[in-house]
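**Q** Shown below is the structure under consideration.
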Amino acid sequence: MTAPRTISFRDNVSNQHGAVYRSSGIFYLPPTDKVHTTLSILNYWALKRELQVAVVASTRTMAGELVGRQRLRFDEGLVINFRADVDAGFEGSVEIEVFAADNMVIPYAAIIAWYETPMGLGLVHSYARAYSSHEVEERRTVTRGREGCWTIADDALTRSFAVFHNGPTGVAPQTVHLRVTNAAGQRRAASWVLPALKPYESVKVKPAQHLQDLV
């Protein structure tokens, strides 16, 4: 059995990611009848490295099923504002993949998602991606996920949640540990078994479903 490889933070900050010919990002697509979602993509590959790139958008259901894929082009300028062509009420994810014939150096794409509702506007920077096959082969991966420091704001009408996305390979069942601390320093914790994940499946976690009397 091959020993796990420790990824060096020094390598990360010095952009030592190996050969990078694919860059990507995956974003949550909320129900389209409630939230208007736009992915804003700047062609910084051309601006910073004079690279010509091919951009592909893949839209999937929460279960990871592919419902649409299309090529995006910077024909009209340096920015693409992409909106998935799906039915009202659709919920899932959008993966943006960027390919180049020369080394892009950084494997994650800097993209902004705009989430608009009649009540306000929220912006999210790239937060997830699927590894390229050579990263998996070279063991440049983190396979034990940890997330921290996200604020929940539950009240009588609000339920906070987080979303994460699986990559191209199915994942066996695993145990999730959730810890919540309030402003007074009181801590609550919960654990549960997450069922096996399908390729590209998206999972929504609502703390209120696992911690009674959270509000």
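The values are calculated or read from the model by the stated rules, or taken from the named source; none is laboratory data. Quick caveat: nothing in here was measured; it's all calculated off a predicted structure. Here the Cβ is made from the backbone with ideal geometry for all residues, glycine too, and neighbour counts use every protein chain on show. Please note that ligands, DNA and RNA were not included when accessible areas were found on the heavy atoms of the full protein model with its side chains. Shrake-Rupley method; radii C 1.70, N 1.55, O 1.52, S 1.80 Å.
**Q** Under 1.5 on a/c is rounded, so check that first for the range 62-105, then, if it is not, pick prolate when a/b is larger than b/c and oblate when it is not; a ≥ b ≥ c are the square roots of the alpha carbon gyration tensor eigenvalues.
**A** Oblate is the answer for the range 62-105, as a/c is 1.5 or above yet b/c matches or exceeds a/b.
**Q** In the range 122-213, which GluC sites (Glu not before Pro) fall in coil by DSSP and have 11 or fewer other Cβ atoms within 10 Å? Display every interim value, and only then the final one.
**A** Working: sites: 135, 137, 138, 147, 201; in loops: 138, 147, 201.
Passing sites in the range 122-213 are 147.
**Q** Ignoring ligands, DNA and RNA, what percent of the accessible area of the chain is carbon or sulfur (1.4 Å)? Kindly include the intermediate steps, with their values, before the conclusion.
**A** Details: 7050 of 13760 Å².
Of all accessible area on the chain, carbon and sulfur atoms account for 51 percent.
**Q** Reported to two decimal places, what Rg/Rh ratio describes the range 23-72 when computed on Cα atoms with Rh from the Kirkwood expression?
**A** Reported Rg/Rh (Cα atoms, Kirkwood Rh): 1.04.
**Q** Going by a ≥ b ≥ c, the root eigenvalues of the Cα gyration tensor, does the range 69-190 fall in the rounded group (a/c under 1.5), the prolate group (a/b larger than b/c) or the oblate group?
**A** Taking the square roots of the gyration eigenvalues as a ≥ b ≥ c, the range 69-190 is oblate.
**Q** Would you grab the residues whose amide H sits under 5 Å from the one on residue 214? Only those 5+ places off in sequence or on another chain, please, with H modelled 1.01 Å from N.
**A** Here nothing satisfies the definition.
**Q** If you take every residue apart from residue 181 with its C-beta less than 10 Å away from the C-beta of residue 181, what net charge results, scoring Lys and Arg +1 and Asp and Glu -1?
**A** Local charge sum for residue 181: +3.
**Q** For 198, 206, give me the order by solvent-accessible area with a 1.4 Å probe, most accessible first, ignoring ligands, DNA and RNA. Spell out each step's value before the answer.
**A** Details: 198 115, 206 65 Å².
Heavy-atom accessible area, descending, gives 198, 206.
**Q** Let me ask something additional. How high is the relative contact order of the chain, in percent, with contacts defined as C-alpha pairs under 8 Å that are six or more residues apart?
**A** In percent, rounded to a whole number, it is 24.
**Q** So what is the 222 nm mean residue ellipticity for the chain from helices alone, if each DSSP H run of at least 4 adds -39500 (n - 2.57) and you divide by all residues, rounding to the nearest 500 deg cm²/dmol? Intermediate values should be presented prior to the final figure.
**A** Numbers: 3 runs with 16 residues, N = 215.
About -1500 deg cm²/dmol.
**Q** Give the distance, in whole Å, between the Cα centre of the range 80-140 and the Cα centre of the range 34-67.
**A** 5 Å
**Q** Quick one: grab the alpha carbon gyration tensor of the chain, order the square roots of its eigenvalues as a ≥ b ≥ c, and give me rounded if a/c is under 1.5, else prolate or oblate depending on whether a/b is larger than b/c.
**A** oblate
**Q** Once phi is turned into ³J(HN,Hα) by the Karplus curve 6.51 cos²θ - 1.76 cosθ + 1.60 with θ = phi - 60°, what whole-Hz value does each residue of the range 173-185 show in order, with x for glycine and proline?
**A** Once rounded to whole Hz, the list reads x, 8, 8, 9, 10, 10, 10, 10, 10, 8, 5, 8, x.
**Q** Enumerate by residue number the trypsin sites (Lys or Arg not before Pro) in the range 116-215 meeting two conditions: DSSP loop (anything except H, G, I, E, B), and at most 16 other Cβ atoms within 10 Å of the site's Cβ.
**A** Passing sites in the range 116-215 are 139, 144, 146, 159.
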